[in-house]
Amino acid sequence: MTSRRGVLSFVLLAAFLLALPSRGVAEPDRRFSLAIYPSYYFGALDSTYTHAFIPGPIAALPGSGASQVLALQGSPEAGLAVGLGCRVNEFLAVRLTVGRAAVGIKGENSDYSLLIKYAARQPPVYELREYTYDGSRSWVPTSGKLKTLSAVIGLEFGHDVSRLIRAEGSLGAGLYRVWGDFGPLGFTTAWLGGHSVLMVESYLLFLKIPAGWKPGLELGAELALSVGGGVVLSLRGGYSLVAAMTVTPALDRVLYYSSLNPAIPDDVSEVAAALSLGPLRLSPSAFRLGLGLSIGF
C-alpha cells in the first residue's frame, strides 16, 4: 500500500507540474545533460522454488520425506538511476544511464509437508515396531529482494509538444548484474534419542541468489517540462527486459524454527552438509515509474 501511494504521489506531482502555464522565453540549446531518476520498480518475477528431501540422519523408512514449494512474486521497490545525455540534433539524443534498483520478493505459501516413518524399539515392550511422525505445518509468506545494477546506452527520440513541454521515447541496450536473497525455506533433522524416542529439530533457511551478469533491453517514455535555467522535470515510465536466469541458491542464514534464534555453528554445518538445493529460474525484468530531474549544460 505504501508503494502504491508513493507512485500515486509521483504521478500527481508530475501532473501538477505539467499543468503549469507556459512562461518565459525558449531555452537556449544545451547539448549535454545530467539527470537523476528516482523510480519505483514493479518486478515481472513470478516463479516458484521446489524443495524436497528425506530427513536424516535417522534411518527413515520408505514413504518418509519433506517437501515445500515457495512462491516468489515481484512487489514494488524503489530504485535510482543517473544518466549523462548528449543531444545529436533536435529530435535525437544519446544517453548513458547507470542505475541500481530492487524488486521485492513476496508470496503466500502452501504448507510445509513432513512425514517420517521409522522403526524403533521403545519401552515398555522393546519390540521392533514401525512409527509415523507427521510434522506438517502452515508456512509463513516468502520475503526477500532481487537487486540489479545496470549500465545502459540508449537512443532518445523527442518531439516538442509546446515551447516548454517535450515528449520522448527511448530504446537502449545494456548489461545487468543481478543478485538477491529470499526465504524462509524449511529443513528438518531427525534422530533417535534415549529409549529410541524420536528427536526432531526444524530450521528456517534464508538463501542467497548468486550474482550474475545478463543482457537486456530498455524501453521508455517520458513527458518533460522545462522550468528554466536548463532545468527539466519529467514523468518517466518504462520496461527493463532482462534475460531470464537459472541459478542454484546458496545457504545464507539458519534460524531455529522454535525460537527464531540463529543456529549455532555446529548445527549450521550439519544443515549445510545435508542440504541439497535445486536450481531456481527467475526473471529480473521490471516495469518502472518515476520522476526525473535533468540539468542541461
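Miscellaneous remarks
- Put a dot 7 Å past the Cα of Ser136, heading toward its Cβ, do the same for Val69, and the two dots end up 1.4 nm apart.
- On full extension, the segment bounded by Val82 and Ala211 gains 44.2 nm, given 0.36 nm per residue less the C-alpha separation.
- Counting only Cβ charges, +1 for Lys and Arg and -1 for Asp and Glu, the dipole size of segment 147-297 around its Cα centre is about 440 debye.
- Gaussian network model of the chain, springs between alpha carbon atoms under 10 Å - residue of His51, His159, His195 with greatest fluctuation: His195
- For the residues Ser196, Ser226, Ser276, a GNM of the chain with alpha-carbon springs under 10 Å puts the largest fluctuation on Ser196.
- Under 17 Å from a label point set 7 Å out along the Cα-to-Cβ vector of Leu171, the amide N atoms of segment 200-231 belong to 216-222.
- Where GluC sites (Glu not before Pro) fall in DSSP loop in segment 93-149, at most 15 other Cβ within 10 Å: Glu108, Glu127
- Here the gap between Ala59 and Tyr256, fully extended at 0.36 nm per residue and compared with their Cα-Cα distance, gives a gain of 68.6 nm.
- Distance between the pseudo-spin-label points of Leu219 and Ile295 (7 Å out from Cα toward the beta carbon): 3.4 nm.
- Contact order normalised by residue count of the chain, Cα under 8 Å, 6+ apart, percent: 20 percent
- Think of it as helices only: each DSSP H run of n ≥ 4 in the chain is worth -39500 (n - 2.57), and spread over all residues that comes to -3000 deg cm²/dmol at 222 nm.
- At R0 = 35 Å, FRET efficiency that the Cβ-Cβ distance of His159 and Ala52 yields, to 0.05: 0.05
- Answer label for Cα extents along the principal axes in Å (calculated), chosen among (1) 73, 44, 37; (2) 55, 48, 31; (3) 99, 32, 29: (3)
- Taken about its Cα centre, the chain carries a charge dipole of roughly 760 debye when the Cβ of each Lys and Arg holds +1 and the Cβ of each Asp and Glu holds -1.
- Footprinting exposure proxy ranking of Glu270, Glu218, fewest other C-beta atoms within 10 angstrom first, gives Glu270, Glu218.
- When the Cα positions of Pro265, Ala60, Leu34 are compared along the charge dipole of the chain, Leu34 comes out farthest toward the positive end, with charges on each C-beta of Lys, Arg, Asp and Glu.
- What the Cα convex hull of segment 181-265 gives, in volume per residue, is 198 Å³.
- Between Tyr118, Thr97, Thr132, the Cα set farthest toward the positive side of the dipole of segment 94-142 (charges on each charged residue's Cβ, about the Cα centre) is that of Thr97.
- Multiplying the residue separation of Val231 and Val200 by 0.36 nm and removing their Cα-Cα distance gives an extension gain of 4.7 nm.
- Net charge over other residues, Cβ less than 12 angstrom from the Cβ of Val200 (K, R count +1; D, E count -1): -1
- Signed unit charges on C-beta, dipole axis of the chain, positive-most listed residue Gly194, Leu223, Ser162: Ser162
- For the chain, built as a Gaussian network whose Cα springs stay under 10 Å, the top-fluctuating residue of Pro141, Pro55, Pro279: Pro279
- Cβ-Cβ distance of Tyr239 and Trp191, R₀ of 45 Å, FRET efficiency by 1/(1 + (r/R0)^6): the value works out to about 0.30.
A short reminder: the numbers here are calculations on the coordinates, not readings from a lab. Keep in mind that what you see is a predicted model, and the values were worked out from it rather than measured. All Cβ positions, glycine included, derive from the backbone under ideal geometry; neighbour counts span all protein chains shown.
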